[in-house]
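Take this structure, written in structure tokens, and hold onto it; I'll ask about it next.
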Amino acid sequence: MAGHHDQKESGKLPFLLDSGASDHLVNQDVFFTSFEELQPPIKISVAKNGTYITATKRGTIQVVSNMGVEGTLENVLYCHDVPYNLLSVRRMQEAGMEIIFDQKGVTINKNDKIVIKGKSLNNLTAIHFIVNIKRVVSNRFQIHSVISNNYELWHQRLGHMGKFKFLELKNKQMVDDINHIERVVPNDNLCEACVKGKQARLSFEKKKDKQYIKRPLFIIHSDVCGPITPSTINNKNYFVLFVDEYTHYCVTYLVTYKSGFQGISRFCC
């Protein structure tokens, strides 16, 4: 089995096919075409009771099988402590692969076509992929450059900070790792979240059309307030307010319980 250094230099990516692994695991992140940091990291239990290893990244690996078939391993976990790269049988089956074991090793088919073959070594099944390391490094560098120089992304990261505040932050070197933003150039592109968050509605009309109100008691506005502490001297905890729309005449009733509001409403009506 190739060591970490041999894997990196040759571009060969060896796996042990594992029916007990819930995810694909690799011990070198150099093979990832793209990945994300796991916050928090994922704890993975191993065969020894009470023992765990930790996965710190999740990513995608572009591979070529030993049958010359190109493919993608998705949701691969990076775990530096895992001694061998593990290829999950469960994940392969979920991806529509048919896995056939025999005395010589394993054959993996998809859509009735052989895509991978593996050999048995000391009661273990080994599978080898090829990864174009130069292409991986190039892709990851380009992705990193785009993200680092993306003003819209930094605008969101900094709580939708305005253009001039961002320039002040940058020019006065008010952050420790100034190299992360020194190449970022602000622009005047509209941010949808900022537009929605800062827009205000039109004010209500101060004068209301009351021409349709012809007489007192035509429209009555009412509200109940409470409970109020302390109670009044006669143990009233709520008050009910009635306002006549036509005359603006107000009447207030004190009630002990909120349910007393219903009796007053029926009486007034």
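The values are calculated or read from the model by the stated rules, or taken from the named source; none is laboratory data. Because the structure is a prediction, the values reported are computed rather than measured. Cβ atoms come from the backbone with ideal geometry, glycine included; neighbour counts cover every protein chain shown. Note: accessible area is taken over every heavy atom of the protein model, side chains too, but ligands, DNA and RNA are not part of it. Shrake-Rupley method; radii C 1.70, N 1.55, O 1.52, S 1.80 Å.
Among L202, L153, which is at negative phi, modelled with pLDDT under 85, surrounded by 10 or more Cβ atoms within 10 Å (Cβ to Cβ) and not polar (S, T, N, Q)?
Working: L202 fails: surrounded by 10 or more Cβ atoms within 10 Å (Cβ to Cβ).
None of the others qualify; the one that does is L153.
For a quick check of your reading of the model, give me the residue pairs whose first member lies in the stretch 13-25 and is open to solvent by 50 Å² or more (accessible area, probe 1.4 Å), whose second is small (G, A, S), with beta-carbon atoms closer than 9 Å and at least 6 apart or on different chains.
So the pair list comes out as S19/S88; G20/A47; G20/S88; S22/S88.
Next up: Given (1) part of a strand (DSSP E or B); (2) hydroxyl-bearing (S, T, Y); (3) within 18 Å of F15 (Cα to Cα), where does Y84 come up short, assuming only one miss?
It is condition (1) that Y84 fails.
What is the residue count in the stretch 59-72 for residues that are surrounded by fewer than 18 Cβ atoms within 10 Å (Cβ to Cβ) and assigned to a strand (DSSP E or B)?
5
Based on this model, can you work out whether K170 counts as surrounded by 14 or more Cβ atoms within 10 Å (Cβ to Cβ), assigned to a loop (DSSP other than H, G, I, E, B) and without any contact (Cβ under 8 Å) to a residue 24 or more places away in the chain?
no
Report whether or not V89 is within 26 Å of the chain's Cα centre (by Cα), among the β-branched types (V, I, T) and either crowded, with 19+ Cβ neighbours inside 10 Å or closer than 15 Å to L16 by Cα (or both). Steps first, please.
Values: within 26 Å of the chain's Cα centre (by Cα): no; among the β-branched types (V, I, T): yes; either crowded, with 19+ Cβ neighbours inside 10 Å or closer than 15 Å to L16 by Cα (or both): yes.
No.
Hey, another quick one. What tally of residues in the stretch 186-197 results from selecting those that are in a loop (DSSP other than H, G, I, E, B) and either open to solvent by 100 Å² or more (accessible area, probe 1.4 Å) or outside the structural domain of L158 (by the TED database) (or both)? I'd like the intermediate steps shown before the answer.
Step one: list which residues in the stretch 186-197 are in a loop (DSSP other than H, G, I, E, B), which gives 186-191.
Restricting the remaining residues to those that are either open to solvent by 100 Å² or more (accessible area, probe 1.4 Å) or outside the structural domain of L158 (by the TED database) (or both) gives 188-190.
Qualifying residue count, the stretch 186-197: 3.
Residue check: is Y78 at pLDDT 80 or above, touching a Lys or Arg at 6+ places or on another chain (Cβ under 7 Å) and either within 30 Å of V185 (Cα to Cα) or of a type in the set (F, W, Y) (or both)?
Working: at pLDDT 80 or above: yes; touching a Lys or Arg at 6+ places or on another chain (Cβ under 7 Å): yes; either within 30 Å of V185 (Cα to Cα) or of a type in the set (F, W, Y) (or both): yes.
The answer is yes for Y78.
What number of residues in the stretch 211-227 are assigned to a loop (DSSP other than H, G, I, E, B) and open to solvent by less than 80 Å² (accessible area, probe 1.4 Å)?
Residues that pass the stated criteria total 4.
Can you tell me which residue in the stretch 92-110 is nearest to I44 (Cα to Cα), limited to those that are aliphatic (A, V, I, L, M) and open to solvent by 20 Å² or more (accessible area, probe 1.4 Å)?
Here the answer is A95.
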